[in-house]
Amino acid sequence: MDWTLEVVVVPVSDLAASIAFYRDQVGFDLDHETVNDYMHVAQLTPRGSGCSIVLGNLPSQNEMAPGSLRGLQLVVADASAARDELLSRGVKASEITVFDERDGGTFFGFADPDGNTWAVQQLRVRADKPLIPVEHRTRFGGA
């Protein structure tokens, strides 16, 4: 049986500001924003990922303090290029650290406006072997 991780709930204090940060500065795709009598949530997905984040006021989100999530991890083929992209969009990112010269041993980090933290790991193999091949990226028309 396959068990896939498809959504991570991220606690934030300001939904509009968080959508803008993740969409416009980090570069996630905004899959949908839902507003009704029961909730106001947004789902965003990093390009190339099978897992999304959900921001908003679901009961599970209301149980977590904004900014309390630590160490969410993204993977990129080129840490330097990814860091440069974030910096160019106004995201404060840490310096790149090489813990191990082997593929997977290079990291940097950043935080969202509430203080939820992200680690970005370089896996050069993703350049040739993306986790989700481009031809299979059909989520909401994303590529």
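The values are calculated or read from the model by the stated rules, or taken from the named source; none is laboratory data. If you're wondering where the values come from, they're calculated on a predicted model, not measured in any experiment. Glycine gets a Cβ as well: all are built from the backbone with ideal geometry, and neighbour counts include every protein chain shown.
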Just to verify a result, which residue in region 7-26, among those that are touching a helix residue (DSSP H, G or I) at 6+ places or on another chain (Cβ under 6 Å) and part of a loop (DSSP other than H, G, I, E, B), is farthest from residue 68 (Cα to Cα)? 12
Would region 22-37 turn up any residue that is closer than 29 Å to residue 133 by Cα, crowded, with 18+ Cβ neighbours inside 10 Å and of a type in the set (Lys, Arg)? no
If you check 89, 70, which single one turns out to be in contact (Cβ under 8 Å) with a residue 60 or more places away in the chain, of a type outside the set (Gly, Ala, Ser) and under 24 Å from residue 14 (Cβ atoms)? 89
Among 4, 45, which is the only one that is touching a helix residue (DSSP H, G or I) at 6+ places or on another chain (Cβ under 8 Å) and of a type in the set (Ser, Thr, Tyr)? 45
Of all residues in region 98-143 being at pLDDT 85 or above and of a type in the set (D, E, K, R), the one that is nearest to residue 4 (Cα to Cα): 124
Within region 71-92, work out how many residues are touching a strand residue (DSSP E or B) at 6+ places or on another chain (Cβ under 7 Å), in a helix (DSSP H, G or I) and surrounded by fewer than 17 Cβ atoms within 10 Å (Cβ to Cβ). 1
Hey, can you tell me all the residues within region 92-105 that are in contact (Cβ under 8 Å) with a residue 12 or more places away in the chain, among the β-branched types (Val, Ile, Thr) and in contact with a Gly (Cβ under 8 Å, 6 or more places away or on another chain)? none
When you scan region 94-105, do you find a residue that is under 14 Å from the mean Cα position of the chain (by Cα) and closer than 30 Å to residue 133 by Cβ, even just one? no
For the subset of region 27-69 comprising residues that are out of contact with any Phe, Trp or Tyr (no Cβ under 8 Å at 6 or more places or on another chain) and either part of a helix (DSSP H, G or I) or of a type in the set (D, E, K, R) (or both), which member is nearest to residue 85 (Cα to Cα)? 33
